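Read through the structure below, which is laid out as structure tokens, and then see the notes.
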Amino acid sequence: MKDRYYLGVDVGSASSKAVIINQKKEIIKTSVIQMGTGTSGPKSVIDNVFADTGLTLGDIKLTVGTGYGRNSLKFADKQISEISCHAKGINYELKNARTVLDIGGQDVKAISINESGMVLNFYMNDKCAAGTGRFLEVMARILGVKIDELEKLDESSKNPVTVSSTCTVFAESEVISLLSQETKIEDITRGIHNSIVTRALALLYKTNMEEDFTLTGGVAQNKGVIRALERALNKKIYVAKKPQLIGAIGAAIFAYEAGEERG
Amino acid sequence: MEINNIIDYLVKSADFPGKTIKESCKKNNKEAVGCVAPYAPEEIVYAANCIPVGIWGGQVELTKARTYLPAFACSIMQSIMEYEIRGTYDFLKAVLIPAVCDTLKCFGQKWKGTSEAIPFVFPQNREAKSAEAFLESEYKYIKNKLEEILGITITEKALQDSIILYNDYRAEMRKFVEIASVHTDVITPVIRHKIIKSSYFMDKKDYLEYIKELNKKLRLLPANNSKNKRIIVTGIMLEPDGIIEYFEKYGMDIVGDDLTHESRQFRTDAPFSGSALNSLAKRWTNHNACSLAFDPYKERIQYLVDLANHYKADGLVIALMKFCDPEEYDVPLIMERMKKENIPLLVIEIDQQAKSFEQINTRLLSFAENM
Amino acid sequence: MSIINENMTSKEMLDILVNKNMEDARKAKAKGELVCWSSSIAPCEFTETMGICTIYPENYAAVLAAKKIAPEFLEHAERKGYANDICGYARINLGYMDLKKELDEIEFPLPDLVLLCNNICETLLKWYENIAYELNIPLLIVDVPFNHGEEVTEENIKYVEAQLYDLIHQLELICNKPFDMDKFQEVMKIASDNATSWYEATSLCSAVPSPLSGFDMFNYMALIVCMRGKKECGTTFKKLKAELEEKIAKGECGLRGAEEKHRIMWDGIACWPYLSHTYKVLKNKGANMTGSTYPSAWALEYTPGNLYEMAKAYTGMGNNLSLKGQTDLRKEIIKETKCNGVVMHLNRSCKMCDFLQYEIGKELEESMNIPITTFDGDQADPRNYSKAQYETRIEALVEMMEQRAQ
């Protein structure tokens, strides 16, 4: 019997992700492009995910699109919100996960899920970008460092400061004034990570905060943020293996479920 | 006691509220009851043999508060929410919460601490004769609640005694701000603020003694001829202290205030009346020129002009509590009037959680330079 | 001779009447008669009896916002010094007032007096203070204390009732003529009947499928706000009821060109600048808004002539209730109108709508197992809304509703 393939594509604000799985729910190929909606990112991620697989879009039985730019994926058979896809994706990777915190480029979401990956409730940040991946980008720019240098800086912080402003614009001026007071850049970095976690916690506390707790999203690649979260919650946190891909995996699973159930 | 010792004592009391309250309770063998923000009938609490404690938030990092309040709730309520979740207020026997604005209306319904919340509401149509009777019924409800929680009876005599003490306290405070305005070398803006603030954490009877003594001593000092600018501050409150320090740094004395946290608290006495609760109700219906009490003629604006004239002020600063509706509506009208009166005006935004005040710093500096 | 007749549809009546009300005010103003601005759930029975033309800033601000011309007024108010987090309706109205006060003929004539009832929020106190102060006109208030306990207390009702008598006296002084008690009796009967007709028509949303979309109800609301004291208002709602009953008989739903697959409760004020976007996103998912707090908000029923009951109706309405009262009200609405999801509008303009939302939502979720989503928006300021955010959250809500239905 011929293999059947399913594609999940997650077009976010800052990156595009794609995952191909087969009828055994095995991941065949994944791809991440650091360019999001409104750029060539979505196209490249599709080209990329098919490269070296010998497959083409024509071999895909069903495609599900998700993410901020999901509506631009004209070839997708179905669009499903990133909330449901994250829940589904994390359930695939970690059956026991019941609370998911996703820190993406534009959004922070806290999702409660049940044993089959169904969303019980979810809470998201308000329109303001504070506490998101974008916030981290802005802060890195002010500190004059690359975004992936932040976790290293964070490690050597001895006297972390508090960044208390609730809005990116104000946090910006707060950080600038900290720099002008010659506060150590390591300590500001830790302060920024703590402030991201503080904001995320407000959403997290709205859920029922079940024991098995998972962090996903692009920002989960930053160990400084992970450590800040562990300090705040005082427990070990499971970080998705490929945190950025969870939404796309969920989309692929949805495609699989629709395709296999339809027969 | 030397004047410096009195000042030191009161300043320290304001700096360590928790410790001050505990000591005051122990010394007087009393329990404490919280009063969220302004105008709770503290006299009833006092008559219940408890120390009324003012709850006005503070500089605290918000972690859990954001779960229960959107970002556009004022920072006082954000910090109070944070403290109540952390259990900071759980030692209080009860907490009074007045519904003076939409935020406080909601706030009274969602107290997260373990002490019992007693929400109540002020009538706003204070010219209506029926307003007093309504407020008396609210106060009766508070009184009954306290009696129930504390297992005591609050007598009419205790209420009357407490009103007399509070009227004395208010009169003495009004004297204090008058006298302090000519001794700004001793009573600097930070000290003035802390002396007034410390009243929220101790037995009024003890506090009154300190203030009386302080007033007596201050009177004996020669008036200072400060060349500093003379400033009036209006709003809900002027905090964190970091902001007040800039006033000092830039040579601005605070000679008078119209802050809810400070002078508005002791501006209006409870007049004599047949019953204590009626006296207290009259105190509210007589309380004018305040953003939180319905003010159809905007007496507050005239009051600010009068205050500025009385203290020969060089300028007015509105300490605008961010996201405080009642205050925000008054701002454009005050701005317009001050322009007409030629009184320099500066609006600064108050955010209790702020740790750096670069923007305010710059604005205060240029205000001081251009007055 | 009425300007509407039985042969018209309720929608035609609505359009004619809403225009007429404002035109009457402009005519009155031109003739030198009194015009009153009033808050949306204030006792209109009194100014109506006195023959004072009464118009409603909240309604007009919503109209300007829906027409997408609000920013001019919002920005003018902000230039005057109003903070941008103040209620959008108030900013539009105060901006409008300031921009137009020198002009002779304006669409929404300036008032000679204002009347407010704070049963919906305390913000009105400050907003109306400012109108009265700037225009130097009388300010009438019916102060309705917040019901912080579970019961609407006797003392609260009595305080409000006493103010209703004060109001009569104040109006006599302003108009320099006696208050006509016979006419008052008549007006009270009309207003109370209209309240019933409004409730009877809008509560037909409980039919499956619902013959009325809540978004259409938002439009009909203009009439119950602006003309609750006039007979034509009731005529229109009776007609609406008949039309809806006909649709129910035919099994038609209120969504235009879509089938009703889901029923949601909308918590909060409409997002006027994006009314059609908020509607279409729901409609495309087959979600019909069948539940909202509005049908009961104007169901101000009392025995005509009984001011005690009238006071109780005004002070006991939904927005003025404790957390428990507000939660119970919503549980009732969800049950009555058979909703399986809730959309909560986190409205930057309205603290009263927002600050209990989390507690209300938790309780609804826990006791009714109903999925909920919130979105950021504003009743009037277009800057506080994001289309993409709304779409995602509605999609997620619908997905949750579908999963639970399985």
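Observations, loosely collected:
- For chain A, average projected area of the Cα convex hull in nm²: 14.1
- Value at 222 nm in deg cm²/dmol, rounded to 500, when DSSP H runs of n ≥ 4 in the protein assembly as shown each add -39,500 (n - 2.57): -15500 deg cm²/dmol
- Size descriptor, Kirkwood hydrodynamic radius, that averages inverse alpha-carbon separations across region B:220-371, Å: 16.6
- DSSP beta bridges in the protein assembly as shown [antiparallel fraction, %, rounded to 5]: 25
- Here the spin labels are modelled as points 7 Å beyond Cα on the Cα-Cβ line, and at A:Glu210 and B:Ile164 they lie 6.5 nm apart.
- Net +/- balance of residues flanking C:Pro295 in space, Cβ distance below 13 Å, scoring K and R +1, D and E -1: -3
- Amide H to amide H, with H built 1.01 Å from N, A:Thr216 comes under 5 Å of A:Leu101, A:Asp102, A:Ile103, counting only residues 5 or more places away or on other chains.
- Spatially, region C:368-406 and region C:281-344 are offset by 20 Å when compared through their Cα centroids.
- Pairs of Cα atoms nearer than 8 Å and 6+ residues apart set the relative contact order; for region A:97-239 it is 33 percent.
- For region B:330-342, 3J(HN,Hα) computed residue by residue from phi via the Karplus equation (6.51, -1.76, 1.60; θ = phi - 60°) reads 6, 4, x, 6, 5, 4, 5, 5, 5, 4, 4, 7, 6 Hz, glycine and proline entered as x.
- The mean count of C-beta atoms from other chains within 10 Å of the C-beta of residues in C:78-89, rounded to a whole number, is 4.
- The C-alpha atoms of chain A define a longest principal axis, and helix A:168-180 lies at about 40 degrees to it.
- Nearby aspartates and glutamates by direct alpha-carbon distance to B:Lys157 (threshold 13 angstrom, same-chain neighbours under 8 apart not counted): B:Glu43
- For region C:397-406, 3J(HN,Hα) per residue [Karplus equation, 6.51 cos²θ - 1.76 cosθ + 1.60, θ = phi - 60°, Hz, x = Gly/Pro]: 4, 5, 4, 5, 5, 5, 4, 6, 6, 5
- Whole-number D in µm² s⁻¹ for region C:88-239, Kirkwood Cα-pair radius fed into Stokes-Einstein, 20 °C, 1.002 mPa s: 117
- With the Kirkwood sum run over all distinct C-alpha pairs, region B:57-114 has a hydrodynamic radius of 11.5 Å.
- Long-range Cα-Cα pairs in region A:33-131 (distance over 19 Å), rounded percent: 54
- Radius 15 Å from Cβ of A:Leu233, net charge of other residues (Lys, Arg +1; Asp, Glu -1): +4
- Highest mean packing comes first when the peptides B:212-223, C:172-183, B:27-38, C:334-345 are listed by Cβ atoms within 10 Å, giving C:334-345, B:27-38, B:212-223, C:172-183.
- Over 24 Å (Cα to Cα) - which of B:Lys105/C:Lys80; A:Lys74/A:Lys146; A:Lys25/C:Lys280; B:Lys175/B:Lys298; B:Lys194/B:Lys249; B:Lys110/C:Lys351 fall in this group: B:Lys105/C:Lys80; A:Lys74/A:Lys146; A:Lys25/C:Lys280; B:Lys175/B:Lys298
- Equivalent-ellipsoid semi-axes for region C:328-406 (Cα gyration tensor, √(5λ), whole Å, largest first): 22, 17, 9.
- Set of aspartates and glutamates near A:Lys241 by C-alpha distance (under 12 Å), chain-local residues within fewer than 8 positions excluded: A:Glu93
- The mean sequence separation of alpha-carbon pairs under 8 Å and at least six residues apart, normalised by the residue count of chain B, gives a relative contact order of 19 percent.
- Counting all C-alpha pairs of region C:157-250, share separated by more than 16 Å (%): 64
- Here, region A:160-227 is characterised by an Rg to Rh ratio of 1.03, where Rg is the alpha-carbon radius of gyration and Rh the Kirkwood radius.
- Cα extents of region A:97-239 along the three principal axes, largest first (Å): 50, 29, 21
- Within a straight-line Cα-Cα reach of under 20 Å, A:Lys235 can be paired with the following lysines, leaving aside sequence neighbours fewer than 8 residues apart in one chain: A:Lys95, A:Lys109, A:Lys206, A:Lys223, B:Lys64.
- Largest first and in whole Å, the equivalent-ellipsoid semi-axes of chain B read 31, 23, 22, each the square root of five times a Cα gyration tensor eigenvalue.
- With both labels modelled 7 Å from their Cα along Cα-to-Cβ, the C:Ala249 to B:Met371 distance reads 7.8 nm.
- Taking amide hydrogens as placed 1.01 Å from N in the peptide plane, the amide H of A:Gln23 sits under 5 Å from those of A:Arg4, each at least 5 positions away in sequence or on another chain.
- Helix B:3-15 vs. chain B, principal-axis angle (Cα, 0 to 90°, nearest 10): 70
- Here the alpha carbons of region C:10-405 define both size measures, Rg and Dmax, at 20.5, 65 Å.
- Between helix C:57-66 and chain C: long-axis angle, C-alpha atoms, 0 to 90°, nearest 10: 40
- Two-decimal Rg/Rh across the protein assembly as shown, once Rg and the Kirkwood Rh are taken from alpha-carbon atoms: 0.98
Any read-out appearing in this document is the output of simple, stated calculations on the displayed coordinates, not a laboratory observation. Not measured: the values here are computed from a predicted model. Heads up, the Cβs are rebuilt from the backbone with ideal geometry, glycines too, and the neighbour counts pull from every protein chain shown.
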